[in-house]
Amino acid sequence: MLEKYELEAFLTLAEELHFGRTAARLHVTTARVSQTIKKLERRVGVPLFERSSRRVELSPVGRQLHEELRPAWELIGAAMERAAEAGRGITGTLTVAFVGAAAGQLVAAAAGEFSGRQPGCAVRIVEAQLGEVVPWLRDGVAELALTAFPMEAAGVVAGPVLVREARMLAVPAGHPFARRDGVSVEDLARVPVLRLPESVPESHREERTPRQTPAGRRITPGPVAATLHEALTLVGAGRGVFPVGAQTRRYYQRPDVAYVLLADAPPVEWGLMWRAGGGTARVLAFARAARDLLAARR
């Protein structure tokens with residue numbers, strides 16, 4: 001039978017792939033993590049991690065063990081938390097992060113709906129940038145985040161899609177594209193497209209600012225923009241274009257930027273995310289409140 005600290009050490013190292021960061025997350029020494037993993041490997045009989053002087057990776061057996069253990073561990077943690085909350089009621093403070101003005105407005109409305117249902121639980125609302133969503137959820141800075149999908153990364157899970165909106169292209173106001181009713185995704189090969197920083201999960205970077213068009217034409221990478229305000233400033237300065245959701249036209253009107261429909265692009269999807277294993281009663285209650293709120297508006 002595995003001990004709780006052994007499971008935590010293995011699963012955390014499988015996410016971090018770094019002994020120092022694993023030790024910091026677990027508030028133990030690096031030596032303790034190393035000893036625990038070696039003990040597990042002796043019990044299994046084969047290495048669970050492949051180590052070199054520069055990197056740590058899961059071995060094939062370790063990868064299989066991680067895939068089988070992680071869902072069960074998340075279910076146990078969530079079940080225990082829900083049981084505790086059922087006993088004491090949904091109380092405390094729920095911290096919800098949002099990315100962008102439209103998401104902030106939706107979170108505020110959902111918080112009002114949630115508070116009416118759960119008056120014993122306060123809601124704290126904080127703004128995050130795209131690159132902060134995953135680390136904030138992993139580290140407990142926020143329990144929930146409303147953000148654009150996809151945001152695939154170890155240690156976090158996504159709820160259902162709450163909102164879909166047309167995909168637009170932010171272009172300089174004087175650009176020839178600005179005079180069109182719409183452009184094609186293939187047109188992205190004709191202009192530099194701003195990039196997102198590496199702090200944003202690769203799944204989101206590839207979906208929002210791809211390296212090539214569906215037909216395989218290369219897209220020229222433009223400068224990196226860490227925030228939406230920074231991206232729109234670079235667009236207005238003629239440094240490139242940037243795909244955005246349709247709500248950007250309403251919340252980020254600028255005289256130097258025009259928004260043109262990406263006519264053949266899929267919609268931008270938004271939803272709530274939380275830490276893997278963090279689907280507590282209050283997290284799920286907030287997600288239901290947000291879903292019900294939007295359903296009533298349709």
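Every number in this text was worked out from the coordinates using simple rules, so none of it is lab data. Just so you know, these numbers come straight off a predicted model, no measurement behind them. Glycine also receives a Cβ, built like all others from the backbone with ideal geometry; neighbour counts cover every protein chain displayed.
Observations on the model:
- Working note: Karplus 6.51/-1.76/1.60 with θ = phi - 60° gives the range 228-238 the couplings 5, 4, 5, 4, 5, 5, 5, 4, x, 7, x Hz, where Gly and Pro are set to x.
- Between Arg298 and Leu2, the modelled labels are 3.9 nm apart [label points 7 Å from Cα along Cα→Cβ].
- A simple charge model with +1 on the Cβ of Lys and Arg, -1 on the Cβ of Asp and Glu and nothing else charged puts the dipole of the range 39-154 at about 440 debye relative to its Cα centre.
- Simple spin-label estimate for Ala189 and Val141 gives 3.9 nm between the two label positions (7 Å along the Cα-to-Cβ direction from each Cα).
- Shown is the FRET efficiency for Gln253 and Thr91, computed with R0 = 45 Å from the Cβ-Cβ distance and rounded to the nearest 0.05: 0.65.
- Only Lys, Arg, Asp and Glu carry charge here, each on its Cβ (+1 for the first two, -1 for the last two); on that basis the range 8-81 has a dipole of about 460 debye about its Cα centre.
- Cβ-defined net charge surrounding Leu261, 9 Å radius [Lys, Arg +1; Asp, Glu -1]: +1
- Under 5 Å, built H, 5+ apart or other chain: amide partners of Leu261: Leu169, Val183
- Nearest 10 degrees, 0 to 90: helix 4-16 Cα axis against the chain principal axis: 30 degrees
- FRET efficiency, 1/(1 + (r/R0)^6) with R0 25 Å, evaluated for His229 and Arg124 via beta carbons: 0.60
- Ranked His204, His27, criterion: other C-beta atoms within 10 Å, fewest first: His27, His204
- Pair Glu50, Arg288: separation of 7 Å Cα→Cβ label points (nm): 4.6 nm
- With K and R counted +1 and D and E -1, the other residues having a Cβ less than 11 Å from that of Gly140 yield a net charge of +1.
- CD proxy at 222 nm, helix term only [per DSSP H run n ≥ 4: -39500 (n - 2.57); per residue of the chain; nearest 500]: -13500 deg cm²/dmol
- Sum of side-chain charges, Leu17 neighbourhood, beta-carbon under 12 Å (Lys, Arg +1; Asp, Glu -1): +1
- In terms of its C-alpha gyration tensor, the range 91-161 has a prolate overall shape, because the principal axis ratio a/c (a ≥ b ≥ c, square roots of the eigenvalues) is not below 1.5 and a/b outweighs b/c.
- Bins of 5 Å, starting at 0 and running to the largest distance - Cα pair percent for the chain: 1, 5, 10, 13, 14, 13, 12, 11, 9, 7, 4, 1, 0, 0
- 4 °C / 1.567 mPa s Stokes-Einstein diffusion coefficient of the range 4-85, Kirkwood radius on C-alpha pairs, µm²/s: 98 µm²/s
- Selected from Leu146, Thr91, Ala109, residue furthest toward positive end of dipole (the range 2-157; charges at beta carbon): Thr91
- Estimated dipole of the range 167-266 in Debye, rounded to 20 [Cβ of Lys and Arg +1, of Asp and Glu -1, Cα centre]: 200 debye
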